[in-house]
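These notes concern the structure reproduced below.
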Amino acid sequence: MDGIDELTREERFDALVAAEEKVEPADWMPEAYRKGLIRQIAQHAHSEIIGMQPEGSWITRAPSLKRKAILLAKVQDEAGHGLYLYAAAETLGVTRDELVDHLVQGRQKYSSIFNYPTLTWADIGAIGWLVDGAAIVNQVPLCRCSYGPYARAMVRICKEESFHQRQGYELLHTLAHGTPAQHAMAQDALDRWWYPSLAMFGPPDTDSVHSARSIQWKIKRFSNDELRQRFVDMCVPQAEVLGLRIPDDNLRWNPDRGAHDFTPPDYDELKRVITGDGPCNAERMAHRRAAHDDGAWVREAAAAYASKRAA
Ligand code: BYC
């Protein structure tokens with residue numbers, strides 16, 4: 001391929017993205033676009049899979065059959081989200097096996113939020129309301145991502161996340177309007193999950209290494225700080241309905257900006273958690289590795305069965 005053809009392909013790709021059309025797996029794409037997407041989609045898929053752990057540990061302790069059935073369905077949905085996302089990443093020329101290996105070897109990341117412990121039942125409500133809420137704010141714009149398979153996976157994921165968020169909000173609402181002890185438990189969960197949820201949106205824009213390129217290529221549509229702001233503005237009236245206090249003395253409406261001023265999360269803590277030093281990093285990875293090893297015989301049996309049928 002000579003230089004002129006290379007330029008033409010690049011120009012064609014840029015025109016496709018500018019026209020808001022989808023880039024599909026068979027289309028030519030810049031190598032950095034492909035690699036960037038694999039990085040983000042893999043991290044997203046790993047987050048869904050690791051994200052099953054903090055809630056999964058409460059399935060046996062849910063306070064009623066109804067709550068147990070709801071939580072079980074939610075955790076199963078998360079496994080499904082992981083699978084859609086691994087499948088979307090596979091269209092970019094990597095295999096799911098490779099990505100899972102990267103996760104268990106600690107070579108790819110997953111969301112910082114899942115390195116915090118779920119100490120009480122109210123935490124399950126806080127995860128649904130805040131963590132799934134943050135995920136929705138982050139992921140709805142990804143339904144318009146320039147890469148077709150990722151965008152289409154996100155449409156279905158967002159519908160399910162919306163149900164997840166409502167179940168968490170309803171759970172927390174029940175506790176917040178229950179006995180004083182239940183109300184205190186709900187407030188304590190909000191106190192502990194608020195700042196880690198704000199950190200889910202990533203480093204501030206000034207430190208975000210990938211944002212500019214991702215926005216230029218229409219993978220991301222908004223910056224980390226824009227989405228964080230949107231999330232805060234969404235949560236404030238919801239907290240009022242819950243009768244809970246967001247743990248931020250600086251939180252107030254700013255009429256000039258048409259948005260709330262708020263205290264940002266501790267970005268040094270985010271860095272520490274991302275690099276392996278959060279409260280539950282070691283536990284989450286050990287659990288994932290053990291599940292991977294324990295499941296080896298299933299993968300081998302499935303592969304043997306498939307090759308027998310092919311023969
Ligand atoms: N945690 O340049 P930046 C869910 C990394 S799961 C860990 O701003 P980017 C759910 C970032 O990867 C929710 N790492 O990056 C599941 C990069 O490192 P690398 C998961 C983080 O990509 C179960 C570096 O820091 N959602 O919904 O432009 C139950 C520099 O950052 C974090 C997604 O994954 C973090 N918080 O923006 C309930 C959504 N923040 O890759 C719910 C898709 C930053 O260079 N992902 N990093 O090694 C995204 O939208 C973007 O990747 C991010 C970061 C906004 C997360």
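Which shape class applies to region 11-154: rounded if a/c is under 1.5, otherwise prolate when a/b exceeds b/c and oblate if not, where a ≥ b ≥ c are the square roots of the Cα gyration tensor eigenvalues?
Prolate.
Quick one: compute the contact order of region 151-245, relative version, from alpha carbon pairs under 8 angstrom and 6+ residues apart, as a percent.
The normalised contact order for region 151-245 reaches 28 percent.
How would LYS271, LYS74 rank on accessible area, largest to smallest, probe 1.4 Å?
Of LYS271, LYS74, the descending order of accessible area is LYS271, LYS74.
Run the dipole for region 119-181 about the Cα centre, Lys and Arg Cβ at +1, Asp and Glu Cβ at -1, nothing else charged, and hand back the magnitude in debye, nearest 20.
320 debye
If you average the C-alpha positions of region 45-76 and of region 199-237 separately, how far apart do those two centres end up, in angstrom?
Region 45-76 and region 199-237 have Cα centres separated by 28 Å.
Using only Cα atoms, tell me the angle between helix 296-310 and the longest principal axis of the chain; keep it within 0 to 90° and round to the nearest 10.
Taking the Cα atoms of the chain, the angle to 296-310 is about 40 degrees.
In region 180-238, carbon and sulfur make up what percent of the accessible area (probe 1.4 Å)? Kindly include the intermediate steps, with their values, before the conclusion.
On the way: 1570 of 2600 Å².
Summing carbon and sulfur atoms, their accessible area is 61 percent of the total for region 180-238.
If r is the Cβ-Cβ distance from ALA303 to THR60 and R0 is 25 Å, what FRET efficiency results, to the nearest 0.05? Intermediate values should be presented prior to the final figure.
Working: r = 32 Å, r/R0 = 1.29.
In this case the efficiency is close to 0.20.
I want to make sure I understand the PRE zone here: with the label point 7 angstrom from the Cα of LYS271 toward its beta carbon, which residues in region 180-222 have backbone N atoms less than 20 Å away?
From region 180-222, the list is 195-212.
Specify which residue in the list CYS143, GLN229, LEU171 is farthest towards the positive end of the charge dipole of the chain, using unit charges on the beta carbon of Lys, Arg (+1) and Asp, Glu (-1), about the Cα centre.
My answer, from the dipole projection, is LEU171.
Mind running the shape call on region 76-170? Use the C-alpha gyration tensor, a ≥ b ≥ c as the square roots of the eigenvalues: rounded below 1.5 for a/c, prolate if a/b tops b/c, oblate otherwise. Provide the component values of the computation, followed by the final result.
Details: a/c = 2.41, a/b = 1.35, b/c = 1.79.
Judged from the Cα gyration tensor, region 76-170 comes out oblate (a/c at least 1.5, b/c at or above a/b).
According to the square roots a ≥ b ≥ c of the eigenvalues of the Cα gyration tensor, what is the shape class of the chain, taking rounded for a/c under 1.5, prolate for a/b larger than b/c otherwise, and oblate for the remainder?
Here the chain falls in the oblate category.
Given +1 on the Cβ of Lys and Arg, -1 on the Cβ of Asp and Glu, and no further charges, what dipole in debye does the chain carry about its Cα centre, rounded to the nearest 20?
Numbers: 37 positive and 44 negative charges, 196 e Å.
In debye, rounded to 20, the chain gives about 940.
Can you check what the net charge comes to around ALA79, using other residues whose Cβ is under 12 Å from the Cβ of ALA79 (Lys, Arg +1; Asp, Glu -1)?
-4
Tell me the angle of helix 148-176 to the major Cα principal axis of the chain, expressed in degrees between 0 and 90 and rounded to the nearest ten.
Value to nearest ten degrees: 10.
How much of the accessible area of region 20-119, probe 1.4 Å, is carbon plus sulfur, in whole percent?
Carbon and sulfur: 57 percent of the exposed surface of region 20-119.
Please work out the average accessible area per residue across region 1-133, using the 1.4 Å probe convention, and give it in Å².
Values: 5970 Å² over 133 residues.
That works out to 45 Å² per residue.
Hey, if we sort ASP225, ASP123 by accessible area with the 1.4 Å probe, largest down, what's the order? Present the calculation step by step, with values, prior to reporting the outcome.
Numbers: ASP225 55, ASP123 0 Å².
Result, largest first: ASP225, ASP123.
Using +1 at the C-beta of Lys and Arg and -1 at the C-beta of Asp and Glu, which of PRO54, GLY36, THR8 has the Cα lying farthest in the positive direction of the dipole of region 1-126?
PRO54
At 0.36 nm per residue, minus the direct Cα-Cα distance, what do ALA310 and TRP28 gain on full extension? Give it in nm, one decimal, please.
98.3 nm
At what distance in nm do the modelled label points of LEU119 and ALA259 sit from each other, each positioned 7 Å from its Cα along Cα→Cβ?
3.1 nm
Kindly express, to the nearest 10 degrees and within the range 0 to 90, the angle between helix 281-294's C-alpha long axis and the longest C-alpha principal axis of the chain.
Roughly 60 degrees, rounded to the nearest 10.
Can you list the aspartates and glutamates whose alpha carbon sits under 14 Å from that of LYS220, skipping same-chain ones fewer than 8 residues off?
Output for LYS220: GLU20, ASP205.
Less than 16 Å apart at the alpha-carbon level, and either on another chain or at least 8 residues along: which lysines does that give for LYS109?
LYS35, LYS271
May I ask you to give the solvent-accessible area per residue for region 256-304, in square angstrom, as obtained with a 1.4 angstrom probe?
So region 256-304 comes to 65 Å² accessible per residue, rounded to a whole number.
So, counting K/R as plus one and D/E as minus one, what does the shell of residues with Cβ under 14 Å around ARG144 add up to?
Counting the neighbours of ARG144, the net charge comes to +3.
Sort 184-197, 247-260, 55-68 by packing, meaning the average of other beta carbons within 10 Å per residue, with the highest value first. Before the final figure, lay out each step's value.
Details: 184-197: 21.0, 247-260: 11.1, 55-68: 14.1.
The most tightly packed comes first, giving 184-197, 55-68, 247-260.
Give me the dipole magnitude in Debye, nearest 20, for region 1-144 about the Cα centre, with unit charges on the beta carbon: positive for Lys and Arg, negative for Asp and Glu.
With Lys and Arg at +1 and Asp and Glu at -1, about 1040 debye.
The values are calculated or read from the model by the stated rules, or taken from the named source; none is laboratory data. Quick caveat, the model's predicted, so the values are computed rather than measured. Ideal geometry is used to build each Cβ from the backbone, glycine not excepted, and the neighbour counts take in all protein chains shown. Heads up: the accessible areas ignore ligands, DNA and RNA and are worked out on the full protein's heavy atoms, side chains in. Shrake-Rupley method; radii C 1.70, N 1.55, O 1.52, S 1.80 Å.
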